[in-house]
Each structure stands twice: as structure tokens, then as C-alpha cells.
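**Q** First the structure, which I've put down as C-alpha cells, then a few questions once you've had a look.
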């Protein structure tokens, strides 16, 4: 059945996303391509080879090697990242965990649009720093991550695998080491039909030729020779792109903005070193012995001859003149031996994109609004123009939604079958803009635009795929196919993101077959400063429910206001909203009615929540639930908007931690300087402190003297350059009696060499096991006793990791107060360093308050309170 469908599909033209590196990009402005880019694409059509680069996280990949392989060697080059980077820190905003994973996913896609690679993922969750692969495999489902890697290898058929890291402690991170171990296992398993046989109805076993480790001087001991490694120069210049691969790589790597990896361009020779791990030996070239020509497939020699002729005759001043030759190439693809359809299909997709580029055919499908609800109507403006002399006369449109496409076999010239009722025929000549606005109806069953890996609750180490998800098979199998498929969860493996919510199709009958172009429906607006901005069309619920607050902490029995914002996804959203709370809490009122007339209009209602009188210390969760048309809705809406990635829309559960806390405090005024972005200030307000957000220019002793304590946010000394000039003012504030609390600072890239009043040496030391036992080494120290008694119990329930970037050495004037360690390691005592300085106090802490406070961890609130209150008691 599948083969028959593939044979029927081959003569048609389809354009899907991610075809020939930069030729398409979802949620991006349509691009006209230069003649040199088209010529590079034509040359790539003539190369049949594939490399898969494997590592653990976003930003682990070697963008220079990817740029060189994809644009210099012209082989398909993929990057398989085991995780989406959910456990890292965020340099550009407050998003953490799943939200950060979404950002870093898009940063990888932005990088691939520049360096020419393709992006793949496993289902592994980045649960935070791991010191050993053994710890990693206790949390990841090892067999499932391996299966994901094998699926992508069988799907993409790489000739060569390359790992970023070695399979041992030199990798420096348990995830890194694990990625290399799994790559070696996948090298063998992918070619073994006995391994993961459930994949074989869709893909065939595939044995890569060899596996390399992409090593370098940073992995080699001083004085150790690298003469035995395979070397290649990846620093060359690509005249068709007008850039060296080092320049391309720097732009690509600089997309990892949330991790602060802006990179300078490198020019000139740049040697990459490859050490053979498994497979056939190679002495000069990683692709040695691999036939990269069309001769590798039966019937391909004729295709190569046709392509050579197109390339030879290519006229950069008239790319459209190449179309007749490309159509002959397409006809040649249809004659390739059926058992070699993989490369015919792959190159057929690239060919289709090149035909469109040669014609200069630009089609946009722009929704008049950025969102639509399931069952709602959607107005779409369709614009089409051919810039290179291609007549649009006879062009037809149809459309499809529900994350899938009802493909049908190609029709005779001049005929059209529509998925949606868009019976339109274009009559427009060369360079004449065709424009028409149509109204489409979205099915009631349309899924929300929640990233597919976040639709269902996973585990600490693994994301869970939806039970059933409709997706276009061409997105994940690499084949052109003409049917609607309801696929099993494993079919989503490897996909970097959701397919667009809806498409418009352009179809034109010609003597040579049917030209069919798939165009994602997007939203576009014009910014006065930035010009045209595109974003994906979002499918949203009829009402979204956002709880305004990360955690609600009650240090007494006084009621707190809990604002809930309702956002209408459609006009006329009418219903009621209520808060659900656990036993021991009470809410007033029981429910609140709402009636929102306009789409996207917001309404904020307020509930009063308080613990029952004399209730013990406890933790729980509140949930906001709106009822509309008899249906409950308990998801909010979150938009992630940064200039370097497309706008992302998420639908988090409308929940917040409830914490009844026994905590004492006496100070009032806190000054807080934000670093890389966190939510600690709001947590301090929950305790009753008045928090003033400071700007760098506010850091003068005169302005700071009114604060009982001043706190610096995470990575402030890495991100705020002005601190190098105002450190003296901060220390003067302390010297005159102030209390300064500095949260963790990364040990590289500080804006000044000393961040404390006395020397301390920052390091990468950390305690990654969040529930590692903690010993109070100085229980009588004010930090551990006043105004709240801190015990080991206060370190229970911590999330992801206890702390990070602990100092490795420090001046004896600093005191330590706690100790803990990961299993098998020596105790670490520098999670908190405190010292008197003049009349005041300085505290450095690597404890992960930026994670624990928004999560509502009671002990974290007590401990941060003691830091703020230090010096209040005369006993101190």
C-alpha cells in the first residue's frame, strides 16, 4: 500500500518545510533567493550523502562543522539533540523548564536556518546538570532514548555519525557522556532488524558506515599528540554564499541567546579533528568510500547527467530558464528503481523548492488575526506573484487544517480537487499580484497549538507523546505521500516542533504534471520600527485562564488576593470561573461570572484565599477552572516573544502552589537588582517585603541606604557590565551597615575579577541531587537560627538541583554554615558564604532560590528570609 502511494505521489510537486536548508522556514517571511543560492541548491541536488551529528543539548553542536558539511560538502547534515535544554538557565528572560525548552528548541531551528542543517530531538527531558551517565540513565528511559536515536538514523539514513563528546568523564556532564554512549549503541542497533522491530513497517534497518568523535584540544591532555586523528579544514570560504564557514557558524551559534553564546566570526584555516570510534577506517575524509553521486541508486546515472546539464547551462540572470531542464530531472526521478525511492523522494522535495525559486513564485496566506478557536472562522488573505516571468493564469487554491493534509493522487492538467471550499482560479500574468481574502472554518476537533511534547504529563526524565496525533507523513518519514494518516505516538519522534495549524495549497496544472505548493497560514503585522513581523497562527481555547502569581505563600492567616485573568479566544465568551483548593483552605467567592464581548479581550477577577484558622504548615495547589458552554477550561495562555525566534504560544495549566508557612520576619524594604531574569522579587513580596526593582544607576551608597537588604539576581555579575564600576558603591553600602545577598554567578565571564569584599574563587562545583542530605554545620549562626530555625527538613522537596557554581576556595574571613554532597563525592561547604564587612554583612549563595521560590518550597522561603534579616538582632 505504502509503495503504491509513493509511486502515485512521485510526479507531483509538494513543498514542505525544512527542505533544502534555507529554502523554507515556518513562521518566517517568504524569501526571494539569489541566483547564487539557487545554484548552490542545484549542486546539492547532485550529492547523495548524509551525516548526523549527535550531542545532548542545544548549543552542544559544532556549528562550523555543520556549516561546512551542509554547504561545502553539500551532504544532508542533521543535528540530533537528546534534549531540548529545559534544565538550563535563561540569560534573556524569566522562562525556565518547559518554557525554556521551547525557547531553546526555536533557537536551534534558527541556527539550522543559518548553517543549513536539519534538527532532530529525542523525548529525553533535560532535568538539570548530571555528573555521571549512571545518574542520567536512572532518570532517562535509556531504551526509549536509544529507540528515538535509532528511529532518526533509520529515517534519515546517515552515512556517517559524529558525536560531540567522548563516552567517558572527559565529557564533563552526565548528559554529554550519555549521548556518546547511546550513539555507539545506536550505530549497531540501527542496522539490526531485531532491535526495535516495531519501527520496521515505516523505516528500514540502516547501517552507517562509520562513527567518529569530534574531538579537539579541549579534550586532549597537555602534550598529547593529535597526529593520529583524521583532520579536515572546516574554515573554508563559500563564494556562492559570500561567507566562510566560520562566519556562518558564528551567526548560527549566536542564535543561542538564552545561553549567552554570542560568537565572533572566525576566518581562515580551522582544523576539525575526528577520532574513529566504530566502523570502516578512514584516513583522509570522513566520507571516504561513500558514493555521493547518483550512481549509488539504480537508475540514478541518467538523473545525474540531466542535473549536470542544468548546472552547466544555469544563467544567473534568468533562473527561470532552468525550469525545463529541472522538469526533465523530475521525470528522471520517476524512473529511479522503486527500491531506491528514499533518495528520489528526498531530492524530489529539494527539486520542487528549486523550481519555485527559479520561477520566483511568492505565495503568502495571511490570517487577519493571530489566533482562532476550534470550530471558529478564519479570514485569510492570499497573495501570489511570480517575479521571474511565470504566469499565474490557471492557478487554483485549496486548504487543509487539523495538523494533517488530505493528499490525493495528482489530477490531470486543469483539474483541481479541494480540501476546503476555495474554488478559485487565478488570472494574473507575470509580476502581477493576485490577492483575495477568503473565510475558512476550522474543525471543532482542531488541537490547540500546544507543543506536542507538552500535551500530556511526562516524567522527570522523559516527555510523553500524545496517544494519537494527526500529522503529515512527509514531515517525519522523508517521503512524498498523498494520504491522511492517524499515526502512533512514535511517529512524532524526532520532530522539532508542531506542523503549522493550517495550510493553503497552490495548484497549477501543466503539461508536465501538477505544480502543488504548500503554504502555511500565518499572521503578519507591521511594526513601526521593525517592519513586517510574522508569527505562527495559534489555535486557542474559547477562554484561557491565567493565575497571576507563581506561588502564594501565607506566613499568617490573613487572606490574600488571587487575581485570575480570563482571555477570550472568541467573541461572546460567557460563563463562570472558580478556584479549586485542597482541604485546609477557603476561597471567597465560590465562583464569579464573566461575560466578555470581544475576542482577545481580557477580564481580571479576584478571589480571596486564606488558610483555615489554626491550620498547620502545609503545601498544596490551587487551580482556576472556567466553565463555558458546559465545558471546563483550566489552561492559561502564555506567549513567548523574542526577536530572534518566531512567537511561541503555550497553554500551561492554570495552577499555582499554595504554601502555609511558619516564617518570621521584621525587615521591610528590599532593593533587588535583576540579573539574567528570575521571579525571586515576587516571591519576596509574598513574604510581605516591599521590593523595589533597582537599575544599575541606582547602585549608589546614598540611594541604597534606605534598604534593609539589597539582593542581586542570578548571574548579575555576568550580565550587568556597569557592576564593574559600582562594586565599590555596593561594598560601601555593606560597610555602613547594609546587608548584601548575591545569588549565584557563573564562574566564567564575570565583569570584574572579585565579586566579594574578600577573595573567593568561583567554580563549576554544584550539588545536582536536589534531595541530597544537608548538614547544618553551624546551627547557632544567625543565618541558621534567626529569626527562623533552619533544619535539614528545610531542604526537603527542593527541585532540580540544590545549588550551582559554588566557590572552590575562599578567604578565611568567610564563614560556611551548611554542607552537602552528591553521592560518592566529598562534602561541599560553600553553598553559602557569609562575612562581616564593616558594620554590615555580605552573603554569597549558590543555592537555587530562583527555582525553589517560584515552586513554593517552604524551606527556601525560611532560609532566604534569614539571609535578608541577618543583622537585625543585637545578638548578631
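**Q** Does segment 297-325 hold any residues that are under 39 Å from the mean Cα position of the chain (by Cα) and surrounded by fewer than 16 Cβ atoms within 10 Å (Cβ to Cβ), and which are they?
**A** Hits for segment 297-325 are 311, 316.
**Q** Moving to a separate point now. Can you list the strands (runs of 3 or more DSSP E) lying wholly within segment 606-658 that have 1 or more residues being over 26 Å from residue 101 (Cα atoms)?
**A** 618-628, 631-633
**Q** Filter segment 335-352 down to the residues that are exposed (fewer than 15 other Cβ atoms within 10 Å of the Cβ) and in contact with a helix residue (DSSP H, G or I) (Cβ under 8 Å, 6 or more places away or on another chain), then identify the one that is nearest to residue 517 (Cα to Cα).
**A** 335
**Q** Out of 787, 792, 779, I need the residue that is out of contact with any strand residue (DSSP E or B) (no Cβ under 6 Å at 6 or more places or on another chain), without any contact (Cβ under 8 Å) to a residue 12 or more places away in the chain and either surrounded by 14 or more Cβ atoms within 10 Å (Cβ to Cβ) or closer than 29 Å to residue 857 by Cα (or both). Which one?
**A** 779
**Q** Moving to a separate point now. Output the number of residues of segment 29-43 satisfying the condition of being assigned to a helix (DSSP H, G or I) and within 28 Å of the chain's Cα centre (by Cα).
**A** The qualifying residues number 2.
**Q** Then there's this: What's the total number of residues in segment 648-662 that are out of contact with any strand residue (DSSP E or B) (no Cβ under 8 Å at 6 or more places or on another chain) and buried (at least 22 other Cβ atoms within 10 Å of the Cβ)?
**A** So the answer is 0.
**Q** Just checking, how many residues over segment 266-279 are part of a loop (DSSP other than H, G, I, E, B) and at pLDDT 95 or above?
**A** Selection size over segment 266-279: 0.
**Q** Does any residue of segment 280-288 turn out to be modelled with pLDDT of 95 or more, surrounded by 14 or more Cβ atoms within 10 Å (Cβ to Cβ) and out of contact with any strand residue (DSSP E or B) (no Cβ under 8 Å at 6 or more places or on another chain)?
**A** Among the residues of segment 280-288, at least one is modelled with pLDDT of 95 or more, surrounded by 14 or more Cβ atoms within 10 Å (Cβ to Cβ) and out of contact with any strand residue (DSSP E or B) (no Cβ under 8 Å at 6 or more places or on another chain), which makes the answer yes.
**Q** Quick one: residue 737 ticks every box in (1) at positive phi; (2) in contact with a helix residue (DSSP H, G or I) (Cβ under 8 Å, 6 or more places away or on another chain); (3) modelled with pLDDT of 95 or more bar one, so which box is it?
**A** Of everything listed in (1) at positive phi; (2) in contact with a helix residue (DSSP H, G or I) (Cβ under 8 Å, 6 or more places away or on another chain); (3) modelled with pLDDT of 95 or more, residue 737 misses just condition (2).
**Q** Sticking with this structure for a sec: Output the strands (runs of 3 or more DSSP E) that fall wholly within segment 130-244 and possess 2 or more residues being within 29 Å of residue 495 (Cα to Cα) and within 26 Å of the chain's Cα centre (by Cα), or say none.
**A** The qualifying strands (runs of 3 or more DSSP E) are 160-163, 210-215.
**Q** Ok, one more. Hey, among the residues in segment 600-611 that are in contact (Cβ under 8 Å) with a residue 40 or more places away in the chain and surrounded by fewer than 17 Cβ atoms within 10 Å (Cβ to Cβ), which one's nearest to residue 568 (Cα to Cα)?
**A** Restricting to residues being in contact (Cβ under 8 Å) with a residue 40 or more places away in the chain and surrounded by fewer than 17 Cβ atoms within 10 Å (Cβ to Cβ), the top hit is 600.
**Q** Looking for whichever is in contact with a helix residue (DSSP H, G or I) (Cβ under 9 Å, 6 or more places away or on another chain), in a loop (DSSP other than H, G, I, E, B), surrounded by fewer than 21 Cβ atoms within 10 Å (Cβ to Cβ) and in contact (Cβ under 8 Å) with a residue 40 or more places away in the chain here; the options are 751, 714, 746. Which one fits?
**A** 746
**Q** Return the residues of segment 782-822 that are in a loop (DSSP other than H, G, I, E, B), in contact with a helix residue (DSSP H, G or I) (Cβ under 8 Å, 6 or more places away or on another chain) and over 30 Å from residue 125 (Cβ atoms); say none if nothing qualifies.
**A** 786, 787, 788, 790, 817
The values are calculated or read from the model by the stated rules, or taken from the named source; none is laboratory data. Being a predicted model, the structure only gives us computed values, none of them experimental. Cβ atoms come from the backbone with ideal geometry, glycine included; neighbour counts cover every protein chain shown.
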